[in-house]
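Enquirer: Below you will find the structure I want to go over with you.
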Amino acid sequence: MKKLVLALSLAGFSILQAPAFAQEADFMKVDADGDGLVTMDEAAAAGWTWTEDDFKAADADGDGSLNAEEFAAAAG
C-alpha cells in the first residue's frame, strides 16, 4: 500500500511539473543555434506566428531577442 501511495504521489508531482518542462523544451527547440536566446528569425523558422510588434513587446529587456523567461511569458 505504501508503494502505491508513493507511486501516485510521484505521478501527481510529475504532472504538475509538465507545463514548465514543456515550455523549456519548446524554447530549446526554437533556439536553433543554442545560444540561450531566440531571435525573430528562429521563432518564425520554428513556426511561431508572432508579428514584429508581438516580438518586441515580449522582448522585455529590448536586446532584440528573447531569453527563456521572455519566451515563456510570450508563449503563455
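Enquirer: Residues being in a helix (DSSP H, G or I) and modelled with pLDDT of 50 or more: count how many of those fall in the range 1-21.
Expert: 2
Enquirer: Would you mention how many residues in the range 34-55 are over 13 Å from Glu69 (Cα atoms), of a type outside the set (Ser, Thr, Tyr) and surrounded by 10 or more Cβ atoms within 10 Å (Cβ to Cβ)?
Expert: Residues in the range 34-55 being over 13 Å from Glu69 (Cα atoms), of a type outside the set (Ser, Thr, Tyr) and surrounded by 10 or more Cβ atoms within 10 Å (Cβ to Cβ): 12 in total.
Enquirer: Okay, moving on. Go through the range 39-53 and count every residue that is within 15 Å of Asp26 (Cβ to Cβ) and assigned to a helix (DSSP H, G or I).
Expert: 4
The values are calculated or read from the model by the stated rules, or taken from the named source; none is laboratory data. The structure displayed is predicted, hence computed values, not measured ones. Methodologically, a virtual Cβ is constructed for each residue, glycine included, from the backbone with ideal geometry; neighbour enumeration extends over all protein chains shown.
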